[in-house]
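A short reminder: the numbers here are calculations on the coordinates, not readings from a lab. This structure is a prediction, so every number in the text was calculated from the model and none was measured. Neighbour counts run over all protein chains shown; Cβ positions are idealised from the backbone, glycine included.
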Amino acid sequence: MVDILVLTEATVSMTIREIAVRLRRAADPAAALARVRGDIEAAVVKSVRDGMAAGRSPDGLPFAPLKRPRRSGRTGPPLTDTGALAAGVTATVEGSSIIISATGPGVRRHQAERPFLGLNRRDREIAELLTNSFLMPLAGKV
């Protein structure tokens, strides 16, 4: 599996080339393409969840503080009390788009008060490069 979230810039370039080679040489290009899409989707979900756990928006801004203490007495960044929001985060690659969504209690309200869905700048650049350079051209050949 490819973990595009923890790679250095030099490694990203090498990994992207490796992805292209593997897709071109795959005995079943459709299955290889599906695996790459799945890896991108998993990496996006991990990025969103990591941001939530750190108490930061995709743009790197800290979440607004809680207006009042939690009833449960638990501590930690906003949006992390029960884990329900993080568990409800999904990502889907469709063409050259990555659709990020969440289900759970108060998603719309939480997203309005403390934006948590989205990609940080580095993840956006990597995802754009992968989808535009490899997934879109190969999707037409599969």
Original post:
When Val36, Val45 are ordered from fewest to most other Cβ atoms inside 10 Å of their Cβ, what list results?
Top reply: Val45, Val36
Original post:
On average over all directions, what projected area in square nanometres does the stretch 23-100 have, based on the convex hull of its Cα atoms?
Top reply: 6.6 nm²
**OP:** Determine ³J(HN,Hα), in whole Hz, for all residues of the stretch 66-75 in sequence, where each value follows from phi through the Karplus function 6.51 cos²θ - 1.76 cosθ + 1.60 and θ = phi - 60°; x replaces Gly and Pro.
**Re:** 5, 6, 8, x, 5, 5, 6, x, 5, 10
Original post:
Taking neighbour counts of Cβ atoms within 10 Å as a proxy for exposure, in what order, fewest first, do Ser101, Ser47, Ser72, Ser57 appear?
Top reply: Ser72, Ser101, Ser57, Ser47
